[in-house]
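Heads up: the structure comes next, in C-alpha cells.
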Amino acid sequence: MVPVFSASPSELSETSALAELQLLPDQELMSLWEQTQFAVSAIEGHGGSAKTARAYEFAVLMEMQRRVASRPACELFGTEERMPVPGNVSPRVMVVKV
C-alpha cells in the first residue's frame, strides 16, 4: 500500500505549509483534505498519535475557508446577481436561542 500522508513536524512549519497550500488548485486541495482524513483514521486505527496529521488537516481547512470567504456570492451560489452595495442594505440580525 502506498502511504497516503507523509509529513514530519519540521516540514509543517506554519508559513511553509500555508504557502504551499495556497498554490494548489481547488480540486487538489480537496483531494489533499480527503487524504488527511484517511491518514488520521489509519494512524489512530493503529493506536498512534495523529497530531501532525490533524495539524495539517487544520491548515488545509483554513485555506479552503479562506478561498470560499474571498469569492463573491454569485460565484458561490450560481446566480448572476451581485451582492447589493453595503450602504443600500438594511442590516439583518439572526437570533439563536439555545
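Evaluating 6.51 cos²θ - 1.76 cosθ + 1.60 at θ = phi - 60° for every residue in the range 26-36, the Karplus couplings come out as 3, 5, 5, 5, 5, 5, 5, 4, 4, 5, 5 Hz, glycine and proline recorded as x.
Between CYS74 and ASP26, the simple label model (points 7 Å from Cα in the Cβ direction) yields a spacing of 1.6 nm.
A short reminder: the numbers here are calculations on the coordinates, not readings from a lab. Source: prediction; values computed, not measured. Glycine gets a Cβ as well: all are built from the backbone with ideal geometry, and neighbour counts include every protein chain shown.
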